[in-house]
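The values are calculated or read from the model by the stated rules, or taken from the named source; none is laboratory data. Since the model is a prediction, treat every value here as computed from it, not as a measurement. Positions of Cβ are backbone-derived with ideal geometry, glycine not excepted, and every protein chain shown enters the neighbour counts. Note: areas computed on protein heavy atoms with side chains; ligands, DNA, RNA excluded. Shrake-Rupley method; radii C 1.70, N 1.55, O 1.52, S 1.80 Å.
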Amino acid sequence: MAHTDQHLFLRLTFDRRIDLLENNNLTLYLDTDNNPNTGASSLGLGAELEWTFGQRTGRLRGQEISHDDIGVSSLPTVRANAFEIALDRSADSVFSGDSLRVGLSTNGDRLPDEDGGLGYVFSDTDAVADAPSLDASPASGVRVLSYNVLGGSIFEPDVQPNFRRILDAIGPDILGLQEVPQSASQTEQVATNELGIPAAWDWDKTDTNTDLVLGSRYPIQDRHIIPGTENTSSAAFLLDTQDALGDKLIVVLMHPPCCNGEGGPNELSRDEKRQLVVDGVAAFLGDVKQGNGPFGVQSGTPMTVIGDMNFVGDPQQPRTLRTGEIVNTGRFGPSASPDWNGSPLLDTNPQQVAAPFHTTWAYSESSFSPGRLDYIYMTDSVLKASHEFVLNTQRLSDATLTENGLQRNDTVVASDHLPLVVDLTLR
């Protein structure tokens, strides 16, 4: 356990992989006033707060609550044997004293084994979690922004001012959008007229059946459809970034199917569909590396893979994208490491500005608590990330908001996903 003035953090380690947010009855008990005679009686505690992770619900002093009521979030979103969990200390009426006791139970097991829980004291602390700043893009290199814009909400007049302030503050050079059903030309029109993107930008969409659109300050020289599932392909683009980066750049834009679902007798599960999509991208990267790709680029050409990956449940999908370990080899061919030096891709894993969180998605009306669904990978044998961040305007100070022309609810109003930013330079 650890804490700052704003949050309580817990790290849980198990002897097997579990899906923290589904298919378990793991329950956290917090005796927040350190008094066994108040709250619900369990594990020798008087628990004011009970939270069952697999059911994504809980009770606070007898009243049913959601994740939003106590500011709970957890990572990772895939099956693992270790998780980090945060709770908001400022949540109304949760933490009433300077100490607490904590216990956990699941399937007859418990922590600790004895009644009374584990004690923890909120000592005075000057601890401030390291967090990136909202800096302007560097003079050299390129700024890549990946953004799921929630069903094409950039086309909604009421939301466009929020997007414009966000884009003005970030100042991207390359903009990879997901959930845009409209065409590239329609996207270009609204980006230029309502969102403040320069008219000289190039815009492209590889497949009219996808929701992927790329905008670029630099010329888009070529594009390629990467097959995945029947209804979900990925998109690869070759950009002429020679002047800014010192080389060309391949950008792969992805949006595998979301959520968990078992499928049916004649239907693949969501995990199986996601695996097909990431297998397709892994095969594409392997082909490029081996000189068989569609763009005919030289060895060592920088590559980045961006998008809303929807990685929940099976941890194989992020493993495949990083390492090139293909599952459906009969369709996509043998596994091949994706980076030019035979190493995995780097998962940049940006952190939120001014906050100790790597979550990129949040929706208060969902039973699922905030999680990390959006990713930016890169070939770090030839690229380095000089700066990276996730923008969540709700976490920013008033001074930072004013300095950058932002409003506190901009990212919340714009989308349920947050914008991911990485500044790329050559090694």
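Which net charge results for the neighbourhood of Val180, defined as the other residues with beta-carbon distances under 9 angstrom from its beta-carbon, given Lys and Arg at +1 and Asp and Glu at -1?
Details: positive: Lys205; negative: Glu179, Asp211.
Surrounding charge for Val180 is -1.
By DSSP, what percent of the beta bridges with both residues in segment 232-391 are antiparallel, rounded to the nearest 5?
If we restrict to bridges inside segment 232-391, about 70 percent are antiparallel.
Counting C-alpha atoms alone, how compact is segment 96-140: give Rg to one decimal and Dmax as a whole number, in angstrom.
My reading of the Cα-based Rg and Dmax gives 19.9, 59 Å.
If one computes the Cα centroid of segment 43-87 and of segment 356-378, what distance in Å separates the two points?
If you average the Cα positions of each part, the centres end up 16 Å apart.
Which value in nm describes the separation of the simple spin-label points at Arg61 and Ser183, placed 7 Å from the Cα toward the beta carbon?
According to this spin-label approximation, the distance is 5.9 nm.
Provide the per-residue ³J(HN,Hα) series for segment 306-314, in order, calculated from phi with Karplus coefficients 6.51, -1.76, 1.60 and θ = phi - 60°, each as a whole number of Hz, with x at glycine and proline positions.
Couplings: 9, x, 7, 8, 6, 6, 9, x, 6 Hz.
Suppose accessible area is computed on protein heavy atoms with a 1.4 Å probe; arrange Asp130, Asp168 from highest to lowest.
Asp130, Asp168
Against the 2.2 N^0.38 Å scaling, with N counting residues, where does the chain land? I'd like the Cα-based Rg ratio to two decimal places. Show your work: numbers first, answer last.
Numbers: Rg = 22.7 Å, N = 427, 2.2 N^0.38 = 22.0 Å.
So the chain has a normalised radius of gyration of 1.03.
Take the alpha carbon atoms of segment 159-180, find their center, do the same for segment 10-24, and report the distance between the two centers in whole angstrom.
Comparing the Cα centres of segment 159-180 and segment 10-24, I get a distance of 35 Å.
Heavy-atom accessible area per residue, the chain, 1.4 Å probe: how many Å²?
For the chain, the per-residue accessible area is 43 Å².
Can you quote the Å³ per residue value for the convex hull of the Cα atoms in segment 94-208, rounded to an integer?
249
Given a 1.4 Å probe and every protein chain left where it sits, what share in percent of the accessible area of the chain is carbon and sulfur?
Values: 7900 of 18220 Å².
Whole-percent figure for carbon plus sulfur exposure: 43.
Can you tally the net charge around Leu212? Count Lys and Arg as +1, Asp and Glu as -1, for every other residue whose Cβ sits under 14 Å from the Cβ of Leu212.
That works out to -4.
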